[in-house]
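Written out below as structure tokens is the structure these notes cover.
The values are calculated or read from the model by the stated rules, or taken from the named source; none is laboratory data. What you are looking at is a predicted structure, and each value in this text was computed from that prediction instead of being measured. As a convention, Cβ positions derive from the backbone with ideal geometry for all residues, glycine included, and neighbour counts pool all protein chains shown. Remember, those area values only see protein heavy atoms, side chains included, never the ligands or the DNA or RNA. Shrake-Rupley method; radii C 1.70, N 1.55, O 1.52, S 1.80 Å.
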Amino acid sequence: MKKPFQFIASIYAAVSISFWGISFVSTKAVLSQLDPFTLLVVRFGIAAVFLLFLLLLLRHPLKMSLSQMPAVFILAVLGIFVHQIIQASALQSIGASEAGWIISFSPIFTAVLAAFFLKERFTLFKAAGMTIAILGVLLITSYRQGGSIVFHVNFGYILMILSTLNWAVYSILIKKLAIPYSALTVTFYTSFFGFLMTLPFFIRGEGWRQLSVLTGENWTHLMFLGIFVSAVAYWFWGKALEVMEATKVSSFLYFEPLATVIAAVLLLNEPVLLASGAGGMLIIVGVMLVNFKRKG
């Protein structure tokens, strides 16, 4: 009975990563009109409304015990407020491709934290899988930057590494806190709290003035970012963590650069590179090894 559930959880994680991987297209499209913080307010405002609609439609419990609110608030602070602001700040001084390979550290941080706090085993297969997947990420991102990985002392790199560590802590906490409500209910409240925490940035920057000049195409991108990238992806990530080990779920983050490349080819007509295909194959093999379970 456990294998089918794990397979479905893998699909949830893969869908989340796919949305996050292709989100750069929509983000790039609207950042010419909105500052990063106004974008976050709109994203999670749309996400909260959409998730509330789903809760009512699927008849999930909306009420939550006050005793669970502090735990949900902590998840909102780490997974939405801190995570998104750190990433937005980091991307002001480093490129998206550079950020792509730094993200590959997050599964490593998750594996280490899971071993200490969740007592998950760090096996040889997991270590080998992570190593192979990182090689795949490096292969993809280096060729997207002209054939090399450039690294120099830059505050943006430090922020991006902190972002990956923060996401690892967030994923561990979802498992550790074990909030006794559905992933949909928890995701609604984290999105709502995230919206409230980012609202002061919207007010300070007079974000309503920026919204007034958005085109229909801009709003389409915002709806995608709010509904699929912020609501559905966070919800599915939580559902995957309900069933699978945190280390195994986190390993799907290696697919994010691959999803970005596929989106760039399909939506931006970027050329298909042999290195991207080879890197993608390495990532797939690596993730399969991380999720491999020896019989007996």
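Picking from 220, 190, which residue would you name as being surrounded by fewer than 19 Cβ atoms within 10 Å (Cβ to Cβ), closer than 29 Å to residue 33 by Cβ, at pLDDT 90 or above and of a type in the set (S, T, N, Q)?
So the residue among 220, 190 that is surrounded by fewer than 19 Cβ atoms within 10 Å (Cβ to Cβ), closer than 29 Å to residue 33 by Cβ, at pLDDT 90 or above and of a type in the set (S, T, N, Q) is 220.
Write out, first by first residue and then by second, each pair whose Cβ atoms fall under 9 Å of each other, whose residues are 6+ apart or on separate chains, and whose first residue, in the range 165-194, is touching a residue at least 60 places away in the same chain (Cβ under 8 Å) while the second is acidic (Asp, Glu) and assigned to a helix (DSSP H, G or I).
Close Cβ pairs satisfying both conditions: 174/242; 175/242; 182/242.
Can you tell me how many residues within the range 54-68 are hydrophobic (A, V, I, L, M, F, W, C), in a helix (DSSP H, G or I) and surrounded by fewer than 13 Cβ atoms within 10 Å (Cβ to Cβ)?
The total comes to 4.
Could you go through the range 160-178 and let me know if any residue there is of a type outside the set (Asp, Glu), assigned to a loop (DSSP other than H, G, I, E, B), farther than 20 Å from residue 87 by Cβ and open to solvent by 50 Å² or more (accessible area, probe 1.4 Å).
Checked the range 160-178: at least one residue is of a type outside the set (Asp, Glu), assigned to a loop (DSSP other than H, G, I, E, B), farther than 20 Å from residue 87 by Cβ and open to solvent by 50 Å² or more (accessible area, probe 1.4 Å).
Only one of 236, 255, 292 is open to solvent by 30 Å² or more (accessible area, probe 1.4 Å), modelled with pLDDT under 85, aromatic (Phe, Trp, Tyr) and under 21 Å from the mean Cα position of the chain (by Cα); which?
Step by step, each of 236, 255, 292 is checked, and only 255 is open to solvent by 30 Å² or more (accessible area, probe 1.4 Å), modelled with pLDDT under 85, aromatic (Phe, Trp, Tyr) and under 21 Å from the mean Cα position of the chain (by Cα).
If you go through the range 56-65 one residue at a time, do you hit one that is of a type outside the set (D, E, K, R) and under 17 Å from residue 230 (Cα atoms)?
no
Anything in the range 115-171 that is modelled with pLDDT of 75 or more and on the phi > 0 side of the Ramachandran plot? List them, or say none.
119
How many residues, within the range 25-56, are within 17 Å of the chain's Cα centre (by Cα) and of a type in the set (S, T, N, Q)?
Of the residues in the range 25-56, 2 are within 17 Å of the chain's Cα centre (by Cα) and of a type in the set (S, T, N, Q).
Can you tell me which of 246, 183, 231 is at pLDDT below 90 and either touching a helix residue (DSSP H, G or I) at 6+ places or on another chain (Cβ under 6 Å) or open to solvent by less than 40 Å² (accessible area, probe 1.4 Å) (or both)?
Criteria check complete, one pass: 246.
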